[in-house]
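In what follows, a structure is listed as structure tokens, so that the remarks can point back to it.
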Amino acid sequence: MELASRQDPHLREVVWFAVCCRVLTLLLQASCLLDFNPLFFFQALFNLLIPDHAADAFSPPRLSEPGLWDLLLEQLLGGLSRWDAEHFLFIAERGYLYEHNCAFFPLYPLSVRAVAEGVLWPLQRLLRLRSRLLLSAVLLNSLFSVLAATALYKLGCVVLQCRRVAFLAAVLFSISPANVFMAAAYSESMFAFLAFSAMWQLEKGQSWLSGLLFSLASGVRANGLINAGFFLYSHGKCFALQLQVGSGSVRKLPPLWKQLLSLASSAVLMCAGIFLPFALFQYYAYVRFCGPGTGLEQAVPKPLLQLALDKGYRLAATNRVKPPWCSQQFPVIYSYIQDAYWNVGFLRYFELRQIPNFLLALPVTLLGLWAAWTYVIANPRHCVTLGLERRKSEEEGKPRAGFCCSTVFVYVVHATVLLAFGFFCVHVQVLTRFLGSSSPILYWFSAHLLQEYEPLLWSEGTDNRTAAPHSEKSLLGKSGSCGERTPGNPVVRLLLNCRLITPLSKGILGFFLSYWLLGLILHCNFLPWT
């Protein structure tokens, strides 16, 4: 990445800005604004100023007395261990002890434990295991969020055929409205890095590497399974476009059928690889919770046993009655937990008392719908034909650049499916981080709007194009006015001239920044957020 950043000043700026935003996020997490003027400074810890909300959330007891360094680390980073972060840290420390822990997939807690026991092993005399796990999670997420920004930039260069918009989108990712979840002990940063990297490799034609990354992503979050659609569409489009080349005579049919079988078999194998981590984890949960009792409860510390009794948590591999999901035809613990513990299901969240949560998800919902509508209006025929028809501009070697280019179609479909599923079937307030860590559309469309409707960005040079890395030159093609004279940070430029920018730009940047700051204040003090 260092060599690439030397060749591409835009990439270097993306990395630098991502690192700065991550450091600022960690500082804000531990600090409080006492003054709202532009020269604000940090003087008090959030956790000292605002008392933690008594949330009815998973909060296992600490079994060892904290030392001085543990207390200091908790004061500095404790705000990043709230809500679902407690699950990930508990799993990393104790494994899947309780049934509802299995809603959280294993690759991220395994990675956190590996770093805590490996890289942070020299600190074991200063910090107890739980503190090292928290520090490990913060360090890993800081790394993954920077890598995700670079992967998003690379992906944007290839898909959008417009380095300028790709650069702006990657910079926006660093101030994502889901930023608090990119910093806290959640799996969003890791998933975003793996998903964006897999999409980038697939666009470059590296199917097997892409399949491996998508498979790892499905071991991080369940919604990684939907990424199999990228493989199915890629192979289907490849075959459909090849059918439209040549005369289509009978003599050419056998090679095409052979190619169809080859493409179909590779697509099936790739999709099977993506589903494999999910299937293995469900099997592990079945053996652990549905197998014969092993007296595991005897090895569980008494405070954790008492927590299970008080809260009604089901322990693994005890001599008690098997959970109801064990007797199902397809015993999938994940869907059972979502149903039984969190009441997740179609239209179940449509209640009057959930109106505040729908309002919380309103900005990202409107942005996602606007993105889909904009693309459909700009490419009606392309959408009707599902992008399987060869376009004249492609035949002439002049592909359209920017958000409305043909290659963005599958990403718009992917984002729209996620948006619809999240709005109707899950707790709607998670939509912001759900889309923000899974789809590049949120950032591409925001960058498109800023580039199209913000005059302050038009003054940047459009004549000269920055040279692409050698591995991407063949993929970028011609992008017309998508070049940029200098890699100056456009977001910083807009913020420094906030009084001059358009209302639309203020709305977009206001959404990103306000959710970033409010998320830190509320989430870090156990108050409800997205």
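Key figures for this structure:
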| read-out | value |
| --- | --- |
| Residue-span extension gain [Leu123 to Val321] - 0.36 nm each, minus C-alpha spacing | 67.1 nm |
| FRET efficiency, 1/(1 + (r/R0)^6) with R0 22 Å, evaluated for Leu369 and Tyr341 via beta carbons | 0.15 |
| Of all accessible heavy-atom area on the stretch 81-161, the percent that carbon and sulfur account for (1.4 Å) | 66 percent |
| Cβ-derived FRET efficiency at R0 60 Å, Lys258 paired with Leu359, nearest 0.05 | 0.65 |
| FRET efficiency for Tyr453 and Val19, using Cβ-Cβ distance with R0 set to 35 Å, rounded to 0.05 | 0.75 |
| Cα point-scatterer Debye curve for the stretch 112-158, base-10 log of I(q)/I(0) at q = 0.18, 0.22, 0.33 Å⁻¹ | -0.56, -0.68, -1.08 |
| Simple spin-label estimate for Ala378 and Leu110 in nanometres, 7 Å along Cα-Cβ | 4.0 nm |
| Å² of accessible area per residue within the stretch 90-151, as computed with a 1.4 Å probe and no ligands counted | 34 Å² |
| Spin-label pair Leu518/Leu27, simplified geometry with 7 Å Cα→Cβ offset, distance in nm | 2.4 nm |
| Largest to smallest accessible area among Glu188, Glu65 [probe 1.4 Å] | Glu65, Glu188 |
| Accessible area in square angstrom per residue, the stretch 272-383, 1.4 angstrom probe | 61 Å² |
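The values are calculated or read from the model by the stated rules, or taken from the named source; none is laboratory data. Predicted model only: the values in this text are computed from it and were never measured. Every residue, glycine among them, receives a Cβ derived from its backbone with ideal geometry; neighbour counts consider all protein chains shown. With ligands, DNA and RNA removed, areas are computed over all heavy atoms of the protein, side chains included. Shrake-Rupley method; radii C 1.70, N 1.55, O 1.52, S 1.80 Å.
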